[in-house]
Structures are given as structure tokens and as C-alpha cells.
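Asker: Dropping a structure here in C-alpha cells format, bear with me for questions.
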Amino acid sequence: MIRQPDPKPDVLRRRDTIVAGLRKLLPESGLIAEPLRLKPYETDGLTAYRQVPLAVALPETTEQVAAVLRFCHRNGVRIVPRGAGTSLSGGALPLEDGIVLGLMRMKKILDIDYADRCATVQAGVTNIGITNAVSGNGFFYAPDPSSQLACMIGGNVGMNSGGPHCLKYGVTANNLLGLKIVTIEGEVIDIGGAHLDSAGYDWLGLLTGSEGQLAVITEITVRILRGPEGARAMLAAFKSNEIAGAAVDAIISSGVIPVALEFMDRPAIHACEEFAHAGYPLDAEAMLIIEVEGSVQEQDILLGKLTEICRRFDPISIRVSQSPEESLAIWKGRKAAFGAVGRISPDYLCMDGTIPTSRLPEVLRRTQEMAAAANLQVANIFHAGDGNLHPLIMFDANDPSQLHKAEVLGADLLKLCVEVGGCLTGEHGVGVETRDLMHVQFEPHELEQQRRIKSAFDPEWLLNPSKVFPLAESAIAAAVLPQAA
């Protein structure tokens with residue numbers, strides 16, 4: 001079971017005073033402290049774990065965020081930044097003695113510069129909201145997590161989110177130009193801007209993917225890109241997961257890089273087809289969704305090459321979309337995959353390991369073997385092109401033994417990813433789900449250096465302190481490292 005840090009008794013005793021102080025800093029409806037109204041904030045997308053926070057602050061401006069952080073810093077109150085709460089690693093899981101700093105009211109598009117191809121937005125703007133704001137002029141924002149209708153750009157930066165199209169366009173880090181951040185002391189700092197490179201240290205690289213541990217991000221400047229002339233998708237169905245994995249490796253090795261290359265196995269195919277009626281091949285054990293873009297001629301050439309590669313692996317079927325409507329239908333099932341699996345299982349854990357694509361066949365085979373040994377069903381839905389696995393481990397959270405088995409299987413699958421040369425997380429972040437596996441990926445001295453960076457930004461470990469690092473080490477770091485830093 002995921003364990004939270006011990007609460008600070010002094011903070012809990014001062015609850016009413018803290019709530020009253022925060023209320024003075026925010027608009028009338030900007031603080032939630034009533035127990036019933038706090039319930040919606042007790043968890044995030046990792047719904048197996050819950051904790052009601054002390055209070056929820058809902059600022060609307062960077063200045064209000066700074067005021068809240070100054071107050072919490074003076075009073076030793078821990079803070080968990082939160083966007084839409086779609087985190088799948090427990091990144092926004094609250095603390096009993098801490099406040100949730102919700103940025104969902106910070107949803108303004110501040111500036112769009114088509115000449116320099118960038119947009120500046122507040123942290124609470126949804127991922128799809130950026131594309132919607134610029135699509136009328138032929139532009140789009142490239143990273144597209146499956147939760148893009150709901151997830152917010154601040155959370156995307158915190159977890160360095162990707163999505164199906166990151167194979168061609170890169171993840172969030174590859175599409176950022178600038179950030180406005182607020183430190184734990186309430187200082188506002190601008191990093192980067194509407195230009196391609198910044199002098200000095202790569203602060204963008206350090207802060208992107210930092211999971212709310214170093215500062216609170218309030219504004220983001222992103223790259224926007226010209227939309228392609230067109231795009232088409234194809235489906236390739238195979239007789240086994242291993243064969244489909246080998247086809248993925250062959251595609252990537254060929255040098256033909258599609259804009260997206262997604263994998264779904266039999267449980268995922270059936271769940272998504274029942275939900276979306278996308279015409280998926282129900283006789284297949286595994287299926288690839290492959291998309292290309294460009295002019296009609298470019299699409300035809302690329303789809304021809306990809307079809308030729310897939311045919312080497314004796315596919316059950318290959319279907320190339322002939323219209324935008326057919327491509328949308330193909331993607332409808334994939335985009336709804338996590339919700340579709342939720343219809344057939346009361347609960348599931350969504351893992352997020354990344355591996356070299358050459359090891360896909362082996363890892364998919366061993367995943368099936370490990371799931372069978374645990375007597376649990378796993379649906380595989382993931383970004384195959386960059387080896388970012390998302391096995392969904394299905395279980396019933398009302399049965400504690402099933403939850404424990406799911407946690408053990410999830411940990412074993414992530415260890416497998418590291419064993420074959422991959423890593424613990426590709427885009428969901430470490431959060432609470434993976435923090436106790438950090439020793440699998442990193443040596444003790446490497447973790448110590450990471451903790452020192454955390455302490456340099458946040459000496460008292462008030463910002464999202466229960467995430468990323470094992471709890472015992474976090475407590476030691478909070479007590480010792482500030483003096484040593």
C-alpha cells in the first residue's frame with residue numbers, strides 16, 4: 001500500500017488559524033476548507049489511494065500564488081500543486097497537514113505570436129485548449145496526452161507529458177520556450193521566453209518533469225507549429241504481442257518514422273471496440289495504429305513502405321484509412337482507451353515504464369507470463385514507437401489482496417523495464433507510485449545529488465514533499481541536507 005508521510009501535529013493544531021490566514025489572500029471563493037467540499041480533491045487519476053487535504057487554495061493570478069507560498073513558507077505548511085488531477089502516478093495526492101494549490105482557475109491565453117510561432121498561457125489552460133486557440137490560423141500544439149481534453153499544461157510540464165504524436169514532435173520538454181515560476185519563498189522568476197535558446201544553465205530542463213518539487217509553475221510559453229497538409233492512419237493486426245513488437249522494432253529500425261505508432265493487445269482491442277465501435281479487428285492478439293502526415297503523395301509513399309514492413313510479419317489484416325473520417329474513427333478508440341478499460345474492470349493501475357524498442361518482443365512476452373503467474377489481467381496500450389509502455393493492471397480495490405497483487409506486479413514490470421535498459425517512467429512521473437523503486441534505477445549517490453537539488457530550491461521540503469523520493473529518505477533530507485547544501 002502507498003504510505004503518506006506522518007502529519008505535522010503543530011500544523012493540524014493550527015488548522016483554523018492557517019485557513020483564516022489563507023482566506024485573506026484569495027478571492028471570496030478561492031479557499032475550500034469544508035470537509036464535504038474537500039472530498040473531490042482527495043485523490044487524482046491514481047484512484048486507489050485517497051487523503052483529504054487540510055484545505056484547497058484556488059488562486060487566479062501569479063501574485064496570489066506568490067502570496068500563498070509566502071504564507072505557507074512562514075507557517076511551515078506543506079503544499080501539493082494540482083492542475084486537473086489527471087495524474088496517474090499519484091502526483092497530486094494530497095497531505096493531511098498540507099494544502100492543495102489548485103491552478104485550474106488560471107486558464108487565460110495570455111499571448112499568441114504567430115510570427116515567432118509561440119503562445120504564452122496560464123498553467124490552468126488545458127492541453128487541447130492551446131490547439132483550439134491557434135487552430136483557426138493553421139497551427140497546433142504538438143504534445144497530445146490521452147487526457148488532453150482535461151489535463152492542464154502546468155501538469156504537463158510537471159510530468160513532462162508526451163502522447164501518441166511525441167514520436168515525431170517530442171514530449172513537453174521539446175516544445176517549451178519559457179516558464180514563469182514561483183519559489184517556495186514567494187519569489188517570481190521568469191525563465192526563457194519567446195526565443196529559442198537561453199543563456200546560462202538549462203533551467204527549463206531542470207524544472208520540466210520536476211513534479212512540483214522545486215517551484216510552482218504559473219505561466220508557460222510553448223512552441224506552436226504549422227499544421228500538416230493532411231494525415232492518415234492505418235491498422236495492422238497480428239497473431240501475437242511478440243510479433244507486433246517485432247514489427248514495431250522493424251519500423252523504427254527502417255528509418256521510416258511515422259508521426260505516431262501505437263500498440264494495443266487483445267483485452268485493449270475488445271474494450272475499446274465495445275466502447276468506440278471503431279472497427280477494430282477482434283480476431284487479433286495485437287494491433288498497431290500507425291499515422292503518417294504530409295501531402296497526399298507523401299502519405300501514399302510512407303503508408304506503402306509501412307505496409308510492406310508489416311507484411312513481413314504475416315499480419316491477420318491491414319487496413320489503411322481512405323478518408324479523414326476513417327482516421328478519426330481509428331483514433332477514437334485509442335483516445336478513449338483508459339476510459340474503455342475502466343468499463344470492464346472496477347480499478348486498474350496504469351504503469352509507465354520505457355524500454356528500448358528492440359526489447360519489445362521479450363518484454364511483452366514476459367509481461368504476459370508475469371500477469372498469468374499473478375492471476376491478474378493486463379491490457380497493454382502504449383506508445384510503441386518510443387517504447388513507452390502503459391500496461392493496465394486490472395483489479396478490484398475492494399479486495400485488499402487484489403490491490404496488493406496489482407502493486408507487486410506493477411513493481412515487477414517496472415523492474416523489468418530497468419533490467420532491459422529502460423527506465424521507471426516515461427511521462428506519468430514518479431509520484432507516489434514509483435518512489436520506492438527509485439533505488440532500482442539510481443545509485444545511492446545519484447539519489448543524494450537529486451535530493452540536494454530539491455533542498456536547494458526548497459530547504460524545508462514543503463513543496464510536494466511525499467513524492468519522488470522514498471519517505472524515509474525525504475525525512476532525512478528535509479532535516480539534514482539544508483545545512484549541508
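Asker: Restricting attention to the range 415-432, which residues are of a type in the set (A, V, I, L, M) and either over 19 Å from Ser147 (Cβ atoms) or over 19 Å from the mean Cα position of the chain (by Cα) (or both)?
Answerer: Within the range 415-432, the subset of a type in the set (A, V, I, L, M) is 416, 418, 420, 424, 430, 432.
Selection gives Leu416, Val418, Val420, Leu424.
Asker: Turning to a different aspect of this structure: Those residues that are under 25 Å from Ile289 (Cβ atoms), touching a residue at least 40 places away in the same chain (Cβ under 8 Å) and in a loop (DSSP other than H, G, I, E, B), I need them from the range 372-420; list them, please.
Answerer: Scanning the range 372-420 gives Gln377, His390, Val420.
Matching residues to (1) more than 22 Å from Thr86 (Cα to Cα); (2) open to solvent by less than 10 Å² (accessible area, probe 1.4 Å):
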residue	(1), (2)
Glu369	yes, no
His390	no, yes
Ile393	no, yes
Asp396	no, no
Ala406	no, yes
Val418	yes, no
Gly422	yes, no
Thr425	no, no
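Asker: Is it the case that Ala456 is open to solvent by 60 Å² or more (accessible area, probe 1.4 Å), more than 23 Å from the chain's Cα centre (by Cα) and either at pLDDT 95 or above or not aromatic (Phe, Trp, Tyr) (or both)?
Answerer: When the stated conditions are applied, Ala456 passes them.
Asker: Then there's this: If I ask for residues that are touching a helix residue (DSSP H, G or I) at 6+ places or on another chain (Cβ under 6 Å) and not β-branched (Val, Ile, Thr), which ones from the range 76-93 would you list?
Answerer: The one that is touching a helix residue (DSSP H, G or I) at 6+ places or on another chain (Cβ under 6 Å) and not β-branched (Val, Ile, Thr): Gly83.
Asker: Can you list the strands (runs of 3 or more DSSP E) found entirely within the range 45-116 that contain at least 2 residues being at pLDDT below 95, open to solvent by 10 Å² or more (accessible area, probe 1.4 Å) and not β-branched (Val, Ile, Thr)? Steps first, please.
Answerer: Values: elements: 55-57, 78-82, 98-102, 109-113.
Because the criterion is at least 2 residues that are at pLDDT below 95, open to solvent by 10 Å² or more (accessible area, probe 1.4 Å) and not β-branched (Val, Ile, Thr), no strands (runs of 3 or more DSSP E) in the range 45-116 meet it.
Asker: If you go through the range 165-186 one residue at a time, how many are touching a strand residue (DSSP E or B) at 6+ places or on another chain (Cβ under 9 Å), open to solvent by 30 Å² or more (accessible area, probe 1.4 Å) and under 23 Å from Ala67 (Cβ atoms)?
Answerer: 1
Asker: Also: Picking from Thr43, Thr17, Thr86, Thr62, which residue would you name as being over 20 Å from Val468 (Cβ atoms), in contact (Cβ under 8 Å) with a residue 12 or more places away in the chain and not hydrophobic (A, V, I, L, M, F, W, C)? Before you say what the answer is, go through the steps one by one.
Answerer: On the way: Thr43 fails: over 20 Å from Val468 (Cβ atoms); Thr17 fails: in contact (Cβ under 8 Å) with a residue 12 or more places away in the chain; Thr86 fails: over 20 Å from Val468 (Cβ atoms).
Just a single option satisfies the conditions, and that option is Thr62.
Asker: Which of the residues spanning the range 103-147 are under 22 Å from His165 (Cα atoms), free of Cβ contacts under 8 Å to residues at least 24 places away in the same chain and touching a strand residue (DSSP E or B) at 6+ places or on another chain (Cβ under 7 Å)?
Answerer: Matches in the range 103-147: Thr131 only.
The values are calculated or read from the model by the stated rules, or taken from the named source; none is laboratory data. Because the structure is predicted, anything quoted here is derived from the model rather than measured. Note that we place each Cβ from the backbone using ideal geometry, even for glycine, and neighbour counts take in every protein chain shown. Accessible surface is based on the protein model in full, side chains and every heavy atom, while ligands, DNA and RNA are left aside. Shrake-Rupley method; radii C 1.70, N 1.55, O 1.52, S 1.80 Å.
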